[in-house]
Every structure is written in C-alpha cells, then in structure tokens.
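Just dropping this structure here.
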Amino acid sequence: MKLQHIPVLLNGDEQAGHADVLSILQPQSHESVLDVTLGLGGHAHAFLKQTAPDGMLTGLDADEENLSLARESLKEFDDRLRFVHANFRDIGQLDLPAFDIIFADLGVSSPHFDDPQRGFTFRSDAPLDMRYDRTSGLTAAEWLQKADERDIYVTLRDYGELREAKRLGTILYRTAQETPESVATTTGIRQVCEAAFGYRAPSLLPQIFQALRIRVNDELGALEALLAAAPLLLKSGGRFGILTYHSLEDRMVKQTFRALTTPTINDITGAVVIPAAFELLTRKAIVPSEAEVSRNPRARSGKLRALRRVT
C-alpha cells in the first residue's frame, strides 16, 4: 500500500500573507530541532532543509513503523538525523540536550488512517486496535472488554464530547460483556452504533472513534507531560510550536502558553515582580487557509500555537 502524507501548515500560501510553521518558528542554519511527532517526516524534511548545512534534527515517534518509513524518506539527511522510538510524553526522561526548536503535530499520521489494519477508521473492517505503539498497551477492543460502564461513559463524554455518551456507554459495556467479539472490530462498533442510533450513527461515529483513540493512547496525559517538559528543553531564544486538531488539545495548549507567558505581578502595586520567561509568537492560533484545506481536507481543524523562550 502506498502511503501519502501532506504536512499541515507547511509552505502554505505565504505569498498571500498566510503564516505557516516555518514562518512562525523560523528555523535557521546550524540550529537544532526536536520533532516529537516525526510521522513520515514531512515537517522534519522542511526543518532539515532550512537548517542546512549542519543543523541537527532529533525525531521521536511512538510508532516503530513510522520511524522506519521516515528513515527512508529522509535518507538524504542521514548525517544530520537522530531517531528515537519513544512517546513524546517521555521527553523529560530521555536525557535530551536543549534545542532551538521543538515541534509537535498532534494529528493522527496518515499511515494510521490509511492502513485499515490499524483500526483507526470505521470506514474499513479491521481489528479495533488504535494503538500508536503496537508493541505495548491494550488495544481499543481489549480496553472495552475490561473497562467498567462508567469509564466507557466518561470516555465518550469527555473525549468524544457526545451528548448520547451515557446511553452509548451502557450499550457498549453490555455488548462487551455479553458478546466481546461484537466490539473486537471496527465494523462491530459501527454496527452497534447503527443499531442504537439508526440514521444518526454516521454523524456520531467520528466522535466515538476519536474518544476511543484518545483513551487508548492517553493522548491528553501525554500532551500534559509534553507541555510540562518541552519548555524546559528550549535554549534561550528557542521556539516551541504545537499543531492541535480538536478543542480538548487546543484548550490545554492555549492555557499552558498563557501561563508561561504571563509575568508575576505584585497584587498591591501592579508592578512586575518576575518577568515571564516566554513570549507568545502567535497571539491567535494560526489556521490553514481555504486554499490549503481544499488541497488537504485533513488540515481543516488544524491550529498552530507557538512561543519563544526569552530568558
């Protein structure tokens, strides 16, 4: 199967004055880059070109298969690359040096959606896996079979933002307990949803699959760890950019960046007691242009936020 990947907010419509990853993070010759979501290497390729002749890039990915594909796609830069098989939640424990740029694209990479056997899409029949790292952890099917009713309901409510979360949680729990094979595949989940919601099922399935994916991979927990560790790995003047794709992620990034870029103020005098160690590079989130979305529909919900270390 030929996998295709179009990086989001990259070289997109600058001539029309539309900002993108490169114009915001401004990689320079000799700089070091940490790409914590390497994927197929689309953004990494651009960073490596911009940091030539001797800028270095460290690429992390939780999926060994992505790392293998990236090694092939980035082989022209082999002498300036380091690959690390790890989830970005662990960057604080990886004994990494400081970087000029740290970048994260939180979107599900193309191989995960395009390879039906990964179980990320309800449009193909496959085992309900959904793990980024297939060497560890429970599959989505195994999690459903082990989870209690409340855990399933809360997952659908909090991560899928489903109004029908409680009803569907009860249905999925009972189905998993009575006929586990019914929740073992993507088709099985789709059929359970169709039986429960009829013609409304197609509009709910994306939220259901999103919720299960976030839960199985603990995506928000990983993002929380990344937001705590990454700013500490920036050199003075270093930039940190994150591409998010749903409101749960964007809210966490927005709130963390606001806290990092807000000085400590004396409650009585209003004077700055401790200057902020970071400054925002994006006062508002950068979103794809209409032209980019028409070329790459998967970019539609992307939002880029970035900050810079000033001390």
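The values are calculated or read from the model by the stated rules, or taken from the named source; none is laboratory data. Remember, it's a predicted structure, so these values are computed and weren't measured experimentally. Here Cβ is always computed from backbone atoms with ideal geometry, including for glycine, and neighbour counts include all displayed protein chains. Only protein heavy atoms, including side chains, enter the accessible area calculation; ligands, DNA and RNA are left aside. Shrake-Rupley method; radii C 1.70, N 1.55, O 1.52, S 1.80 Å.
Looking at region 278-294 only, could you name the residues that are more than 13 Å from L25 (Cα to Cα) and part of a loop (DSSP other than H, G, I, E, B)?
R283, K284, A285, V287, P288, S289 - these are the residues of region 278-294 that are more than 13 Å from L25 (Cα to Cα) and part of a loop (DSSP other than H, G, I, E, B).
Which number in (1) open to solvent by 50 Å² or more (accessible area, probe 1.4 Å); (2) touching a residue at least 40 places away in the same chain (Cβ under 8 Å) marks the one condition that R167 misses?
Just one mismatch for R167, condition (2).
May I pose another question? For region 170-189, which positions are within 10 Å of L144 (Cα to Cα) and either aliphatic (A, V, I, L, M) or crowded, with 17+ Cβ neighbours inside 10 Å (or both)?
L172, Y173, T175, A176, V183, A184
From the set of residues in region 34-66 that are surrounded by fewer than 21 Cβ atoms within 10 Å (Cβ to Cβ) and not small (G, A, S), which is nearest to F99 (Cα to Cα)?
So the residue we want is M56.
Output the qualifying pairs, or none if there are none: Cβ atoms under 6 angstrom, residues six or more apart or on different chains, first residue in region 72-96 and of a type in the set (S, T, N, Q), second residue not in a helix (DSSP H, G or I).
S73/L40; S73/G41; N87/A62
Does V287 count as closer than 24 Å to L162 by Cβ, in contact with a Lys or Arg (Cβ under 7 Å, 6 or more places away or on another chain) and surrounded by 13 or more Cβ atoms within 10 Å (Cβ to Cβ)?
no
Kindly evaluate M130 against the criterion of being within 24 Å of R213 (Cβ to Cβ) and either in contact (Cβ under 8 Å) with a residue 12 or more places away in the chain or open to solvent by 10 Å² or more (accessible area, probe 1.4 Å) (or both).
yes
Report yes if L243 is closer than 22 Å to V33 by Cα, under 20 Å from the mean Cα position of the chain (by Cα) and either in a strand (DSSP E or B) or not charged (D, E, K, R) (or both), otherwise no.
yes
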